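These notes are about the structure you will find just below.
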Amino acid sequence: MARINEHYAKLPASYLFPEIGRRVKAYAAAHPDAKVIRLGIGDVTEPLAPAIIAAMHAAVDEMGNRETFKGYGPEQGYDFLIEAIRQHDYAARGVDLAADEIFVSDGSKCDSGNVQEIFALSAKVAVTDPVYPVYVDSNVMAGRTAAAGPDGRYPGFVYLVGNEANGFQPDPPGEPVDVAYLCSPNNPTGTVATRAQLEKWVAWAKQTDSIILFDAAYEGYISDPSLPHSIYEIPGAKDVALELRSFSKRAGFTGVRCAFMVVPKAVTGVGAGGERVSLNKLWARRHTTKFNGASYVVQKGAAAAYSKDGLAQTTAQIAFYMENARLLREGLTAAGFTVFGGVHAPYIWLRTQGGASSWEFFDRLLSQAQVVGTPGSGFGPAGEGYFRLSGFNSRANIDEAIARIRRVFG
Ligand code: MLT
């Protein structure tokens with residue numbers, strides 16, 4: 001008889017986005033003529049950039065030729081991609097990384113869910129609230145918490161509340177913590193951490209001997225040149241932070257799947273005997289044991305995102321989505337909503353009207369405007385009363401969604 005992992009019972013029955021998908025499907029089935037506009041899950045809509053397509057086509061041809069065919073690749077990623085990452089994402093911003101500090105993967109969702117495995121079950125974890133749910137759920141599954149209380153919080157986490165007063169950028173914890181997840185530009189609030197805020201976090205991690213797991217999946221959406229794209233732009237961060245990056249939103253890879261995690265060799269945890277252990281070694285062991293590398297064709301496509309044409313084309317796509325975000329911000333403001341984010345991230349975070357709960361607002365928006373968004377409470381208790389809309393869609397759908405929202409709420 002196989003006993004199950006009881007920690008799963010502590011979670012809501014369904015992950016946030018499948019639950020939204022289920023509700024939208026039920027609505028669409030009951031209203032077959034409704035033209036539903038989906039601004040819920042942050043899924044890209046523009047086709048892959050021509051430079052990426054050309055590189056992937058060429059890679060497929062290589063796979064069809066005996067001389068150039070590839071079987072298993074290096075688990076950590078092909079040199080051509082790691083080199084492009086080192087040069088474009090890091091050296092160009094003054095950050096020197098060794099090739100074996102970069103681990104190419106098939107997505108930041110997996111990396112951010114898996115990384116907790118290299119820490120002890122007793123590790124004290126801090127998360128912001130609201131937060132990308134994977135950080136929370138993966139730690140609950142591992143058994144780091146008790147069941148959620150009536151307030152929706154899991155005893156065991158340290159919650160750092162992001163609210164209007166702190167611009168949704170909470171300070172580091174004031175109590176002892178081993179590991180803290182940070183996401184900037186932030187999903188879900190669309191806000192971004194300044195250099196001074198990241199400096200505060202790095203100083204905290206150094207002082208308290210803690211680790212920062214920095215999720216920078218949306219760094220490509222930063223438009224102000226004074227804002228850091230990587231936590232390693234902050235001196236000292238290479239001693240205390242791991243960084244997650246993704247091609248999903250920056251190069252339209254949500255359906256292609258490619259990402260990477262940076263694990264500098266200087267970042268250490270503590271073994272049972274008090275000895276310092278490099279997290280790079282642990283992650284390399286985990287990665288090479290449980291993963292056989294992202295596919296060659298996909299990595300060729302990802303590397304093409306750094307070519308001259310690839311950069312120009314993907315930058316134009318990001319500008320297109322950010323114009324959508326600007327239109328949403330303005331349209332929602334004109335309809336009387338208080339909105340946040342959407343300037344350095346594709347997400348708009350809005351306060352619901354009339355004190356409606358996040359799910360009440362979801363139902364109202366779906367039934368009256370046929371627009372789908374994401375309830376803020378799905379990202380944590382502090383998201384209650386808020387709602388997220390994404391700028392990922394065609395211009396026609398964004399315009400139509402704004403017009404409908406203004407009709408219903410304006
Ligand atoms: C989101 O909508 O929050 C993201 O698309 C989810 C993800 O990246 O996994």
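The values are calculated or read from the model by the stated rules, or taken from the named source; none is laboratory data. None of the values given here were measured: they were computed from a predicted structure. Backbone-built Cβ (ideal geometry, glycine too); neighbour counts: all protein chains shown.
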Out of all the residues in region 267-291, which are part of a loop (DSSP other than H, G, I, E, B) and surrounded by 14 or more Cβ atoms within 10 Å (Cβ to Cβ)?
Val267, Phe291
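Each row is one residue, and each column tells you yes or no for (1) closer than 16 Å to Arg38 by Cβ; (2) modelled with pLDDT of 95 or more.
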residue: Gly354; (1), (2): no, no
residue: Glu360; (1), (2): no, yes
residue: Gly373; (1), (2): yes, yes
residue: Pro381; (1), (2): no, yes
residue: Leu389; (1), (2): yes, yes
residue: Phe392; (1), (2): yes, yes
residue: Ala396; (1), (2): yes, yes
residue: Asp399; (1), (2): yes, yes
residue: Phe409; (1), (2): no, no
Restricting attention to region 59-73, does a residue exist that is among the hydroxyl-bearing types (Ser, Thr, Tyr) and within 26 Å of Ile398 (Cβ to Cβ)?
no
Look through Val179, Val202, Val192 and report the one residue that is under 28 Å from Asn5 (Cα atoms) and buried (at least 22 other Cβ atoms within 10 Å of the Cβ).
Val179
Looking only at region 83-104, count how many residues are closer than 21 Å to Thr288 by Cβ and touching a residue at least 40 places away in the same chain (Cβ under 8 Å).
8
Only one of these conditions is not met by Thr254: (1) outside any helix (DSSP H, G or I); (2) more than 16 Å from the ligand (Cβ to nearest atom); (3) within 24 Å of Asn186 (Cβ to Cβ). Which number is it?
(2)
Kindly provide the set of residues from region 104-132 that are within 14 Å of the ligand (Cβ to nearest atom), part of a helix (DSSP H, G or I) and surrounded by 21 or more Cβ atoms within 10 Å (Cβ to Cβ), ordered by number.
Ser108, Asp111, Ser112
Which one of these does Thr289 not meet: (1) of a type in the set (Val, Ile, Thr); (2) free of Cβ contacts under 8 Å to residues at least 40 places away in the same chain; (3) touching a Lys or Arg at 6+ places or on another chain (Cβ under 9 Å)?
(3)
Across (1) closer than 27 Å to Val140 by Cβ; (2) exposed (fewer than 15 other Cβ atoms within 10 Å of the Cβ), Arg388 clears everything bar (2)
Is it the case that some residue within region 45-64 is within 16 Å of the ligand (Cβ to nearest atom), within 23 Å of the chain's Cα centre (by Cα) and in contact (Cβ under 8 Å) with a residue 12 or more places away in the chain?
yes
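Per-residue answers, yes or no, for (1) polar (S, T, N, Q); (2) surrounded by 12 or more Cβ atoms within 10 Å (Cβ to Cβ); (3) at pLDDT below 95:
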{"residue": "Glu46", "(1), (2), (3)": "no, yes, no"}
{"residue": "Pro50", "(1), (2), (3)": "no, yes, no"}
{"residue": "Ile53", "(1), (2), (3)": "no, yes, no"}
{"residue": "His57", "(1), (2), (3)": "no, yes, no"}
{"residue": "Asp61", "(1), (2), (3)": "no, no, no"}
{"residue": "Asn65", "(1), (2), (3)": "yes, no, no"}
The residue that is farthest from Gly410 (Cα to Cα), considering only those in region 345-364 that are within 16 Å of the ligand (Cβ to nearest atom) and of a type outside the set (Gly, Ala, Ser), is Pro346
